[in-house]
Structures are given as structure tokens and as C-alpha cells.
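Here's the structure, in C-alpha cells; my notes come after.
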């Protein structure tokens, strides 16, 4: 690698839960080191700690436009109110 090179990585998003305010994220590449960052959300939004795969598997109805893989926001600006 040369200075300025970009390393693109992929991930299986179905295995991730939402990142929220206060979370610490670490990405490590053997031979290069570790990148660590902290998530800051001034709106303090919150989601359930469920992965997309868990949401999909527990969905009662799986139809186009229903998006059962997306974890609904529990608290914050876009959370559904009762």
C-alpha cells in the first residue's frame, strides 16, 4: 500500500445491529492496525439491538415495501408514536 491508498471493505449488513450514540466501533486490518471511532448522535436516537437478519426472521409479513429487515427507531425524531 502507498500513502493515500483507499481500502474498501464490505460487510454483511444482515449481521449488524444499528450503531447508536456512545457506541465504540473498531475496524482492524492485519498488518495495518486498528481504526477506532466513537458514534455521536446529538439527537440521541435509539433502536433495538437487533440485527437485520433477526428482524427478517421474526417478521410476520414479508412483502415488497414492508421492509421487515429494517429495525424501527425506538426513540428519537423518527420514532413512531403510539
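What follows draws every value from the coordinates through simple rules; no lab data is involved. Because the structure is predicted, anything quoted here is derived from the model rather than measured.
Sequence-distant contacts, meaning Cα pairs under 8 Å at least 6 residues apart, place the relative contact order of the chain at 27 percent. Of the options (1) 19.3, 64; (2) 16.5, 54; (3) 17.6, 56, only one is Rg and Dmax of the Cα atoms in Å as computed from these coordinates, and that is (2).
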